[in-house]
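Written below as structure tokens is the structure these notes are about.
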Amino acid sequence: MDQLGTSSIHAIKARRRYGRYPGRVSSSRRWSGSLTLRTAQRDTTLNRAFSTPSDPTDRPMDSPRGSPGEPAAQGDERDTFLFTLAWDLGAIGGVSQVVRALMEQMAASGPMRPLLAVNSWADVAPRRERADGLDRAFLRVRSPMRRSGLSLAGALRYLAVLPGHLRAIRAFTRQERVRVVNAHFPSLDLLTWFLARSFGGPAYTIVISLHGLEIRSTFGRSGPTRWLWSRMLRKADHVIACSDGLRDEVTREYQLPVGTVTTIHNGIDVERITAALAVSPPQTPPQTPPPAPRPRPYLCSVGTFEHKKAHDVLLRAFQLIAEQEDTLDLVMIGRAGETSASTRALVDELGLAERVRMIENLPHPQTLALMDACEAFVLASRVESFAIVLLEAGALAKPVVATDICGVGELIEDGVNGALVPAEDPEALAARVLELMAATEPRESLGRALRAHVAEHFRWSAAAAQYLALAHR
């Protein structure tokens, strides 16, 4: 998700700057002097990057606030709450849903104007768009990381173009009156926002929102990438985790002071989901076989086809279920991923081809419609942070059987509003599903209890209010 590579023009400029072309000084001496200078510049730059402004309302001014240029929303004098992502909101996945929901809440009633900055390597100058009532700005935000990782050569290239790049980022943040930069699923391009603030930019608040994979991928590692992450976590104004479990993991792994990371749970708009289903009846997706004249009841599971979602465990559990429930099918919906092929192969290996439907890259409205028509929702994941799909199942009043892992127990209480089982245990998973399917009223009662719990405690309006409050701390 980091922006990768440099243009040939930048490469030529770098070669000239570092002395690869003939001159009176030898190339080895030029490289030695350049390396010493750049190392000193790097240390000074990083120290300044991670210094925190003493007054968040202080805005160093090279030019008047809000100029030059044309802001994304003319006539709107509110300060901007800037979300950052490496992709646009149309991408399938929970992170996109989170950012979209927060922006919609702020756009409807917030004191600040929401704007999404999409890190787009093709857009050297900011390009603005408005879609679905939400504003986007596509712009290039550089990172010291390259495809091969964080290297000295990559860091030098990053520093070589940094002054001009920071001028562009500073101009953008002034023009848009940015008061908060909220990075979701961040990578090392977040370093650029720290640098722009420290070197003459507006003193905006930096909020890091962690969703799981981006930070867990750094656990147990060492080296410059780990060091930069440690510095960013310590020097951000706020670090947000989507669950208490993820908060505790990050605090332990990075040995952060207690309270450095706080929790803001993801939310759901129960009424909106219910209303959407009322006007959009379920549709049979084209990837699935034609339905039988009398559709069979089915279990539903939603999640990207990747190892952590444990579709292999789910299929082995369903094999046990199918032996006792010959009228119950399984529908698995998810973004195509690393385990798509192996999951299909396992369906055939277990002899479940007539009982299992595997649907990839289904639009969200159709996914919700298929969830709404299922008998029960099953989540067999090995790893989660806070599964939004469980909130959606709750909004639909679906009984849930899920693995008792990070974040899930903060939503599901075993026997009260759902059923919890150990991870990596297909026998336990099968047993709880069969138990639910044996009694209609207790099953439906769990679904109603989960809906009431979700509606009361996990609302996007509350999450958005918590994020907006960070601008004043």
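The values are calculated or read from the model by the stated rules, or taken from the named source; none is laboratory data. The model shown is predicted, which means the values in this text are computed figures rather than measured ones. All Cβ positions, even for glycine, are placed from backbone atoms using ideal geometry, and neighbour counts span all protein chains on display.
So for segment 252-262 (the condition being within 29 Å of Arg451 (Cα to Cα), assigned by TED's automatic domain parsing to the domain that holds Ala183 and under 16 Å from the mean Cα position of the chain (by Cα)), does at least one residue qualify?
Within segment 252-262, not a single residue is within 29 Å of Arg451 (Cα to Cα), assigned by TED's automatic domain parsing to the domain that holds Ala183 and under 16 Å from the mean Cα position of the chain (by Cα).
Residues are listed down the side, and each one gets a yes or a no for (1) on the phi > 0 side of the Ramachandran plot; (2) touching a Phe, Trp or Tyr at 6+ places or on another chain (Cβ under 9 Å); (3) at pLDDT below 95:
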site: Val400; (1), (2), (3): no, yes, no
site: Ile405; (1), (2), (3): no, no, no
site: Ile412; (1), (2), (3): no, no, no
site: Val416; (1), (2), (3): no, no, no
site: Ala430; (1), (2), (3): no, yes, no
site: Leu434; (1), (2), (3): no, no, no
site: Arg451; (1), (2), (3): no, no, no
site: Ala464; (1), (2), (3): no, no, no
site: Arg473; (1), (2), (3): no, no, yes
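Take the residues in segment 179-231 that are of a type in the set (Gly, Ala, Ser) and in a helix (DSSP H, G or I), then tell me which one is surrounded by the most Cβ atoms within 10 Å (Cβ to Cβ).
So the residue we want is Ala196.
Among the numbered conditions (1) in contact with a Pro (Cβ under 6 Å, 6 or more places away or on another chain); (2) at pLDDT 95 or above; (3) polar (S, T, N, Q), tell me where Gln366 comes up short.
(2)
When you scan segment 107-116, how many residues do you find that are touching a residue at least 40 places away in the same chain (Cβ under 8 Å) and crowded, with 22+ Cβ neighbours inside 10 Å?
Result for segment 107-116: 2.
For a quick check of your reading: which helices (runs of 4 or more DSSP H) sit entirely within segment 323-418 and have at least 2 residues that are closer than 19 Å to Gly267 by Cα and assigned by TED's automatic domain parsing to the domain that holds Ala452?
The helices (runs of 4 or more DSSP H) meeting that bar are 364-372, 388-395.
Check Asp135 against each of (1) assigned to a strand (DSSP E or B); (2) farther than 25 Å from Phe83 by Cα and name the one condition it does not meet.
(2)
Here is a yes/no grid of residues against (1) modelled with pLDDT of 95 or more; (2) over 28 Å from Ala464 (Cα atoms); (3) more than 20 Å from the chain's Cα centre (by Cα):
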| site | (1), (2), (3) |
| --- | --- |
| Phe138 | yes, no, no |
| Tyr158 | no, yes, yes |
| Arg174 | yes, no, yes |
| Leu213 | no, no, no |
| Gly223 | no, yes, yes |
| Gly245 | yes, no, no |
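In segment 323-343, how many residues are without any contact (Cβ under 8 Å) to a residue 60 or more places away in the chain, out of contact with any Phe, Trp or Tyr (no Cβ under 9 Å at 6 or more places or on another chain) and farther than 21 Å from Gly93 by Cα?
Residues that pass the stated criteria total 3.
Scan segment 259-280 and report the pairs whose first residue is touching a residue at least 40 places away in the same chain (Cβ under 8 Å) and whose second residue is buried (at least 16 other Cβ atoms within 10 Å of the Cβ) and acidic (Asp, Glu), with Cβ atoms within less than 9 Å and a gap of 6+ or a chain change.
Cβ pairs passing all conditions: His265/Asp244; His265/Glu410; Ile268/Glu392; Asp269/Glu104; Ile273/Asp372; Ile273/Glu392; Leu277/Asp372.
Would you call Ala153 under 20 Å from Gly267 (Cα atoms) and in a helix (DSSP H, G or I)?
So Ala153 does not fit the description; no.
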